[in-house]
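Only the coordinates and a few stated rules stand behind these numbers; no lab work does. Only a predicted model underlies this, so the values are computations on that prediction, with no experimental measurement involved. No Cβ is skipped: glycine too gets one built from the backbone with ideal geometry, and neighbour counts run over all protein chains shown.
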Protein chains: 2
Amino acid sequence: MGKLDFKDPVPSDIEIAQSVPTVPISKIAEQLGIPAEHLEPYGTTKAKVRLSALKHLAERPDGKYVVVGGITPTPLGEGKSTTTVGVCQALGAHLGKKVVTVIRQPSQGPTFGIKGGAAGGGYSQVVPMEEMNLHLTGDIHSITAANNLLAAAIDARMFHEATQSDKALFGRLCPAGRDGKRAFAPVMLRRLRKLDIPKTDPDELTPEEQGRFARLDIDPEAITWRRVLDTNDRFLRSITTGQAPTEKGMTRETGFDITVSSEIMAVLALTTCLADMRERLGAMVVANSRAGEPVTADDLGLGGALTVLMKDAISPTLMQTLEETPVLVHAGPFANIATGNSSVVADAVALKLVGADGFVVTEAGFGADIGMEKFMNIKCRYSGLTPSAAIIVATVRALKMHGGGPPVVAGKPLDNAYRSENVELVMAGAVNLQRHVANARAYGVPVVVAINKFASDSPAELAAVRAAAMEAGAFDAVVCWHHARGGEGAADLGKALAAACEQPAKFRFLYPLELSIKEKIEIIAKETYKAGSVEYLPQAEKQIELYTRMGFAGLPICMAKTQYSFSDVAEKKGAPSGFVLPIRDVRASVGAGFLVPLVGTMVMMPGLPTRPCFYEIDIDPETERIVGLS
Amino acid sequence: MGKLDFKDPVPSDIEIAQSVPTVPISKIAEQLGIPAEHLEPYGTTKAKVRLSALKHLAERPDGKYVVVGGITPTPLGEGKSTTTVGVCQALGAHLGKKVVTVIRQPSQGPTFGIKGGAAGGGYSQVVPMEEMNLHLTGDIHSITAANNLLAAAIDARMFHEATQSDKALFGRLCPAGRDGKRAFAPVMLRRLRKLDIPKTDPDELTPEEQGRFARLDIDPEAITWRRVLDTNDRFLRSITTGQAPTEKGMTRETGFDITVSSEIMAVLALTTCLADMRERLGAMVVANSRAGEPVTADDLGLGGALTVLMKDAISPTLMQTLEETPVLVHAGPFANIATGNSSVVADAVALKLVGADGFVVTEAGFGADIGMEKFMNIKCRYSGLTPSAAIIVATVRALKMHGGGPPVVAGKPLDNAYRSENVELVMAGAVNLQRHVANARAYGVPVVVAINKFASDSPAELAAVRAAAMEAGAFDAVVCWHHARGGEGAADLGKALAAACEQPAKFRFLYPLELSIKEKIEIIAKETYKAGSVEYLPQAEKQIELYTRMGFAGLPICMAKTQYSFSDVAEKKGAPSGFVLPIRDVRASVGAGFLVPLVGTMVMMPGLPTRPCFYEIDIDPETERIVGLS
């Protein structure tokens, strides 16, 4: 209480963050009851919580599990992260509850590009925000390293296969040791099993078996694995590799995506333990052979090494809010081609740490039609965890946009419609909120609407939002202003949330896995988006057929769709229905464990503007204080 | 004492490393007298020592400063790292001295490729070797991030300049703030000063000044900055970027090198403090303009942001040896296009930590003609530190090679000549050792030869090496076998070293900076390599002229030459002289602070073999123990 000294107008995020002293992370850990042997400090403000804590606490009952989603947003964002942090500051610092915020690690690329950080904002932030927005504890760097080792192994393998006979290749892969004996590495036994070759002694393989084992015969046209960097580098979107004379003309068109879009990030977000991560990383499909069979990381001998590179990354990072409540930061997968949710293990650890009377609040990226749908149907399916309640974050601003207000464009001044009272516009846009509330309720959990208040919102507008939410069946709808007032500003939201968590929840998935790929897509399209029908482009048809043949049809569905509309067209605001949802293509993230129908095109590698925000970023060499991060 | 339980034959490095328990790094820090406020733990076995410790200890006298170099090696390596670690285990754990080992951080790329780790070997190792060979505390990942942000900024800037008028460009670079006023970011004031535009208000610039300020006009043919990854990815050696439609045809041929070859690594190794690093990073020249002027990171607005990305990396990482003596791991620049030495700041901190009676032993990469020459003439010049003694590591094996023995090839069995006594061959090769000893003595420091003993070496062979060393003026020459016996096996070496450090040392550089570029090159070539003359290829002549015109002639020289011969031809063993040394090209690392004459071609991006060592690397999910690292 009273730790924060509120200023009006609210200063910049970094000013607030640097003005509030942090407590040693060891103290935060102690208050949460994390024994020292499960904690790995990284300096004094960050610590990794080892997954061994999960075993240690296995007998303890889980706390209440709350997911935070949002209505269909404006390009400015409606404050989901800030609300996630703010309601936890309320629960922990004002309402006497045990609480852990679970939040995604932001990509470092955009920190230096257009967008600022992702540690919440105003008086509801994770601190130190500089650490949060920079390297943190290196997890994303580990993903870059693992992803690119796998990429390098693909090209190197094709290169070596191109110049060697089956026999020579086999001889090089299984060289004689000092004792003159050949032996398979353990990872090679996996490939033998996959090929149904029931042998473990290299000398017993027939020449035909040697060939099948040694030659992956990757089809260069069917390589889906790309390289990654955690940098906004648009000139790497499409490149030709292998142009040095040493590569003997084996050029290939490929490209780099930003690291957080790597399937390895998706694996990190969904894995449940080290053994599970080992299996998922090994199972990642990187290409097809010329015969049309999937080639995996384990076929390339890399499942173990990738796990070694990711061994520290699997542990979530403990930080704190401005009001000294604990935060776990972990994973930050894209919300289009991946789940857009923080990690299963962070949520699982947090639920044990808070215990039966405590709360874990975790954020789902994008609008709730994307992030929360994936939370429910993918993340909860793999974790076995079930939510006690859902929060939907709404703003007057966004509802006005949905009601027919002029377009909201980042970087341009807001139209007057958004700065003066217009209750009618709010009411016209409320259908968007109402559909999100109904969608969330369909999972069998109580829904609390957080009305994230801006200074220009009028009481009548806020009341209109609340009325619409209640009409749609929300358990409660509460105005909050944690951006300006921290946990104090979200105390009512915290109370409503605690009451909602006492409600009976009967969690259910939207679809069973046994359905066909198309059936699952159509359930999401029709029930969540309210599409009239789904249209499959030829490439999508082809991929659905391929993945079904390969045995991947039983995976859950991870839709890659714009978050700016329920439909595939960002400009269709409000609550469109009856439209035809086009599926352009389908990808498979077999290791992470889902299929990705592509509804639109996505930028997987952002760029830098003429004046990137790095111009302002510097460090005072005396005080070591960072300036210019936003 | 007696901590190590020696086995014969010596087990694998990882077996030994995992069999010896480590002590908490906090205890190592405490024994060294590092106050807690200067320490940032990264788990329990690693900690960063903040540079604030340097200020805290400013009044304390420095310890004895020892550099370890080697004779011209075989491709197997002669044990420089192992000797560096072993002699410290001797000094610290057996001779009661205060000692810090300073060692380079190995690149992660080769860990998964052909070569194993670089944490020493046998019973002389830095532990945990897994941490040392993997991410460690993230410094190399920070370099990857910083290097590639700069690369992305170059292409993005060219892209934006190509489509905008001077006026539009200036307007975008200096947009009006919320108050309608334009302001220069502080980094922009540096560019204005460079351009001799004595103004600080954007509105006061003339259209001509706006153009000069805003348009870097980078010549695509004169971009020297490449991207990097810490992965052995040969297919990235030469690539074409910008092939996506969004880049509008602005394709360009470029490539990736391995991260440790980045100039940012060279900066890290030579910087003295955060303020100095800020200046060096900003001063890095990445290209020339079409008018032939150097374009720097600060011209691109990035000096501050790069420093922010490197703010944690500037602190060395504290680890321990198998015998619990302290180690600082920091920086790992290439020994050809950079200095091949660990960092100035790690040495400086270590010298204060051990105090007047203590020892700091730091390794110089490659043969002493490269690594030690750069230590003396570049590293000591920037640090202001002077060595008390030098160690030259020699092996019977390498001297036999220099005496005319058959080629030594990595991965193939050693010829019998190397496994049976042949004193004559040793004596014939001793000229190589003798020249290295004489070269080291020329810097005015006493030289101790460490004769790194292998099981197959005979007493007569070892005696021959010692005699040759003493004849060349070594202060002492001592047989050691720390690989098999840890510090105990290097106790005599430790004693000899301590005695050498009591000798008067009159340190001097090989050349003054005021000489011309060619004069400096020729002094190194003739005095250290014993070349008869130097030949400059046209490209080298052109670059020497360019750098002289640009005002970079006063920088020290960092030769990029093979370490396998004093000459430019790796096959010329022994002590060749009178040869013509060709200078193919000259590069400038202006931020790091040296010019790089290229004698031969260098592989800046290694590849992966048919069976990379990652096949063996895995982790036990139960014990979390890593297997297969070597």
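Summary of computed values
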quantity: Global geometry of segment A:446-487, whether rounded, prolate or oblate, following the gyration tensor of its Cα atoms and the 1.5 cut on a/c; calculated: oblate
quantity: Gain upon complete extension [residue A:503, residue A:455; 0.36 nm per residue less C-alpha separation]; calculated: 14.0 nm
quantity: Loop-resident sites, segment A:405-503, for trypsin sites (Lys or Arg not before Pro), counting at most 16 other Cβ within 10 Å (DSSP); calculated: A:419
quantity: Label distances, nm, residue A:163 versus same residue in remaining copies, Cβ-directed 7 Å point; calculated: 4.1
quantity: Mean-position separation - Cα centroids, segment A:313-391 and segment A:414-488, in angstrom; calculated: 23
quantity: Euclidean distance between Cα centres, segment B:206-275 to segment B:562-630, Å; calculated: 22
quantity: Extension reserve of the residue A:162-residue A:15 stretch, reckoned as 0.36 nm per residue once the Cα distance is removed; calculated: 47.2 nm
quantity: Coil-residue trypsin sites (Lys or Arg not before Pro) of segment B:232-313, DSSP, other Cβ within 10 Å capped at 16; calculated: B:248, B:290
quantity: Relative contact order of segment B:142-209, pairs being alpha-carbon contacts under 8 Å that are 6 or more residues apart, as %; calculated: 20
quantity: Exam field: residue B:275 pseudo-label spacings to other copies (7 Å along Cα-Cβ), nanometres; calculated: 5.7
quantity: Exposed-loop-free span, longest in chain B, where GluC sites (Glu not before Pro) count as exposed if DSSP calls them loop and at most 10 other C-beta atoms lie within 10 Å; calculated: B:60-513
quantity: When each of A:98/A:561; A:311/B:27; A:374/A:400; A:453/B:311; A:311/A:506; A:3/A:80 is checked by Cα-Cα distance, pairs over 29 Å; calculated: A:98/A:561; A:453/B:311; A:311/A:506
quantity: Least to most buried among A:318, A:608, A:189 (fewest other Cβ within 10 Å first); calculated: A:189, A:608, A:318
quantity: Shielding by partners, peptide B:624-630 (average Cβ within 10 angstrom, other chains); calculated: 3
quantity: Shape of segment A:205-342, Cα gyration tensor, a/c cut at 1.5; calculated: oblate
quantity: When each of A:248/A:542; B:412/B:573; B:7/B:46; A:379/A:518 is checked by Cα-Cα distance, pairs over 31 Å; calculated: A:248/A:542
quantity: Cβ-based net charge around residue B:127, under 13 Å, with every Lys or Arg adding one and every Asp or Glu removing one; calculated: -4
quantity: Charge sum, other residues only, whose C-beta stays under 11 Å from residue A:339's C-beta, Lys/Arg counted +1 and Asp/Glu -1; calculated: +3
quantity: Viscosity 1.002 mPa s, 20 °C: Kirkwood-radius Stokes-Einstein D of the protein assembly as shown over Cα pairs, µm²/s; calculated: 67
quantity: Inter-label distance, nm, simple model (7 Å from Cα along the C-beta direction), residue A:37/residue A:602; calculated: 4.2
quantity: Sites matching trypsin sites (Lys or Arg not before Pro) across segment A:96-196 that sit in DSSP coil, with at most 15 neighbouring C-beta atoms within 10 Å; calculated: A:178, A:181
quantity: Sites residue A:290 and residue B:410 - FRET efficiency at Förster radius 35 Å, r taken between beta-carbons, to 0.05; calculated: 0.55
quantity: Rounded Å value of the spacing that divides the Cα centres of segment B:31-71 and segment B:83-124; calculated: 16
quantity: Label spacing, shortest first and in nm, from residue A:355 to its equivalents in the remaining copies (7 angstrom along Cα→Cβ); calculated: 4.7
quantity: Computed over segment A:269-428, Kirkwood Rh from alpha-carbon pairs, angstrom; calculated: 19.1
quantity: Estimated [θ] at 222 nm from DSSP helical runs (n ≥ 4, -39500 (n - 2.57)) normalised by residues in the protein assembly as shown, nearest 500; calculated: -9500 deg cm²/dmol
quantity: Label-point separation in nm, residue B:580 to residue A:515, each point 7 Å along Cα→Cβ; calculated: 7.9
quantity: Compactness of segment B:455-596 as Cα Rg over 2.2 N^0.38 Å, two decimals; calculated: 1.38
quantity: Folded to 0 to 90 degrees: helix B:344-354 orientation relative to chain B principal axis, Cα; calculated: 50
quantity: Cα-based helix-to-principal-axis angle, B:459-471 vs chain B, degrees rounded to 10; calculated: 60
quantity: Separation of the residue B:179 and residue B:424 label points, Cα + 7 Å toward Cβ, nm; calculated: 8.8
